[in-house]
Amino acid sequence: MATLKELRDERLRKLDELKQLGINPYPAHVNRDHSLVEVVNNFEELNNKPVTVAGRIINIRKFGSIAFIVIKDAGGQLQLFLSADKVQELSSGDSQLGFGQLSLLDSGDFIEAYGQVVKTKTNEISVDVDKLRLLTKSLRPLPTKQDGFSNKEERFRRRYVDLNVNREVYDRFIRRSKFWQSTRDFLNKHDFIEINTPVLEHTTGGADATPFVTHMDALDQDFYLRISHELPLKRLLGGGYEKVFDIGPRFRNENYSDEHLPEHVAMEWYWAYADWRDGMKFMTEMYRHVINETFGTLKFKLGEFDVDLEKDWEEWDYAEVITKHYGISVYDCTLDQVKQALSDHKIEVEQTDNKARGIDKLWKNIRKDIAGPVWLINTPKFISPLSKVNNDNPNSTQRFQPVIAGSELGNGFSELNDPVDQLSRFVEQQQLRDSGDEEAMMLDIDFIEMLEYGVPPSCGWGYSERVFWVFEGVSAREGVPFPQLRQEIDETTRSIYPDIKI
């Protein structure tokens with residue numbers, strides 16, 4: 001079996017022969033006037049009419065004076081029928097190939113074909129080719145599933161190959177696009193305004209996460225890559241906007257898991273003169289809209305969970321759930337009691353755990369078995385530093401989080417707009433940070449100043465593409481086109497470019 005280098009060398013030989021014939025193997029202009037799926041779906045209308053199509057070769061068969069080439073584009077595939085007595089001769093100035101040059105083509109090349117739409121004797125919709133142009137000469141053959149292109153690491157590194165070989169992966173990212181487009185459409189329909197906020201921040205906040213740090217030479221200062229869209233969007237509420245949102249990447253310097261990536265896309269919205277109950281009702285409707293637009297259904301089998309978003313969503317009180325499962329009160333327990341509960345249930349206890357971190361671990365141990373949809377409400381104040389407290393229980397907050405298929409798939413609350421209370425909570429978070437909790441929030445004094453000018457009562461919400469990953473049924477790295485990987489150059493590539501330092 002030929003090696004990749006040998007196959008590449010043969011294609012380089014063909015490339016050189018094409019150039020000697022005066023053919024430009026990489027022309028800029030394409031004459032396509034129909035996609036392949038348009039030809040197939042509109043055969044009755046296009047029968048015996050000329051079309052110009054283009055695509056990547058996936059199969060070539062030649063039998064004496066006739067040949068069949070199957071090409072594909074983004075929408076589908078189509079057969080080309082070529083006859084030696086019909087295909088026009090070589091015309092190098094237009095990258096046009098004659099029948100005699102078919103041997104210079106390979107699977108993976110891109111071509112353009114002009115001819116009449118017909119059906120062959122085997123009833124196959126085809127284009128009876130008059131003119132054939134080379135658009136791109138490929139130098140490496142695409143593998144197939146039969147070739148064993150299934151190693152995850154290899155698929156992630158060469159996702160462009162993965163997308164060609166595995167149609168289900170190609171379709172996944174179309175659905176991912178639909179997920180974000182339907183998110184944007186729903187918010188636009190409800191009069192939210194999309195305003196992009198900075199990725200680089202002096203002080204980052206809005207989530208419990210370790211930030212990435214970079215340096216801006218122009219200002220000679222360190223900046224953080226944002227971990228959330230939250231605080232800049234709230235500043236826009238302070239500036240007079242009433243409904244704002246942003247969709248874009250955020251960065252959290254944490255490890256990979258099936259549910260987390262250091263870089264991922266997220267959306268947050270903020271709504272003046274609304275509270276958490278308004279937000280919960282709005283998001284129940286939004287989830288149903290976005291998921292149905294993306295997947296065409298509201299009923300899913302997600303691993304061991306049966307999930308139906310059409311049914312009424314339950315509401316679970318955070319403190320009641322913890323007490324029911326562990327027999328401790330989140331408001332009155334000690335750190336030692338939390339650590340004992342963690343140990344009793346065989347949950348990892350770390351020396352740096354504080355009460356908030358420990359109780360969060362206890363909750364996550366419960367969460368992993370919840371099918372949902374459930375709204376988790378009344379989260380304790382000490383783990384919700386940006387949320388407004390409940391009037392009937394000042395130890396809990398007006399926070400709401402959806403739990404579906406064992407995951408928290410969003411976060412919302414009545415926004416804290418009391419500058420004195422917010423400063424106090426920031427100070428508590430900064431103390432946790434100073435004592436070694438790198439995920440605790442930073443004290444943002446500019447945000448406090450903004451609150452002192454006045455911000456109306458409001459509700460805020462955020463979710464990430466983890467929502468898509470869960471309903472798509474894939475891990476985080478499977479759910480993005482190009483996950484970060486440790487940089488590696490394989491030995492085959494090194495041998496192909498021996499004179500290049502890589």
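We did not get these values from a lab; they are worked out from the coordinates using the rules stated. If you're wondering where the values come from, they're calculated on a predicted model, not measured in any experiment. Note: ideal-geometry Cβ built from the backbone for every residue, glycine included; neighbour counts use all protein chains shown.
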Segments 331-339, 99-107, 40-48 sorted - mean Cβ within 10 Å per residue, highest first: 99-107, 331-339, 40-48
Residue among His34, Ile58, Leu80 farthest towards the positive dipole end of region 1-111, charges placed on Cβ: Ile58
Estimated inter-spin distance, Lys324 and Lys364, nm [label 7 Å along Cα→Cβ]: 2.2 nm
Using θ = phi - 60° and Karplus 6.51 cos²θ - 1.76 cosθ + 1.60, couplings along region 356-361 (whole Hz; Gly, Pro as x): 4, 5, x, 5, 4, 5
Paired Rg and Dmax values of the chain, which use every Cα atom, in angstrom: 29.2, 90
Under 5 Å, built H, 5+ apart or other chain: amide partners of Phe223: Thr214, His215, Met216
Dipole magnitude of the chain about its Cα centre (Cβ charges: Lys, Arg +1; Asp, Glu -1), debye to nearest 20: 2160 debye
Cα centroid of region 204-257 to Cα centroid of region 46-72, whole Å: 51 Å
Most to least packed among 410-421, 245-256, 158-169 [average Cβ atoms within 10 Å]: 410-421, 245-256, 158-169
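Are there GluC sites (Glu not before Pro) in region 259-354 that DSSP marks as loop and that have at most 12 other Cβ atoms within 10 Å, and which are they?
In loop regions of region 259-354 (DSSP not H, G, I, E or B), the sparsely surrounded GluC sites (Glu not before Pro) are Glu304, Glu310, Glu348, Glu350.
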Helix-derived mean residue ellipticity, 222 nm - over the chain, DSSP H n ≥ 4, -39500 (n - 2.57), to 500: -9500 deg cm²/dmol
Rg to Rh quotient for region 4-136, alpha carbon positions, Kirkwood Rh: 0.96
Cβ crowding within 10 Å averaged over residues, with 25-31, 113-119, 400-406, 422-428 ranked highest first: 400-406, 113-119, 422-428, 25-31
Rounded to 10°, Cα long-axis angle of helix 167-189 versus longest principal axis of the chain: 50 degrees
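When each pair of different Cα atoms in region 383-469 is counted once in the 1/r mean, what is the Kirkwood radius in angstroms, to one decimal? Kindly include the intermediate steps, with their values, before the conclusion.
Working: mean 1/r = 0.0696 Å⁻¹.
Result for region 383-469 stands at 14.4 Å.
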Spin-label model distance (nm) - Arg184 vs Asn255, 7 Å beyond Cα toward Cβ: 3.6 nm
Paramagnetic reach from Asp421 (point 7 Å along Cα→Cβ, amide N under 17 Å) across region 365-406: 378-400
Span from the region 363-377 Cα centroid across to the region 380-413 one, whole angstrom: 13 Å
In nm, spacing of pseudo-spin labels at Thr3 and Gln116 (7 Å Cα→C-beta vector): 5.0 nm
Dipole magnitude of region 378-502 about its Cα centre (Cβ charges: Lys, Arg +1; Asp, Glu -1), debye to nearest 20: 280 debye
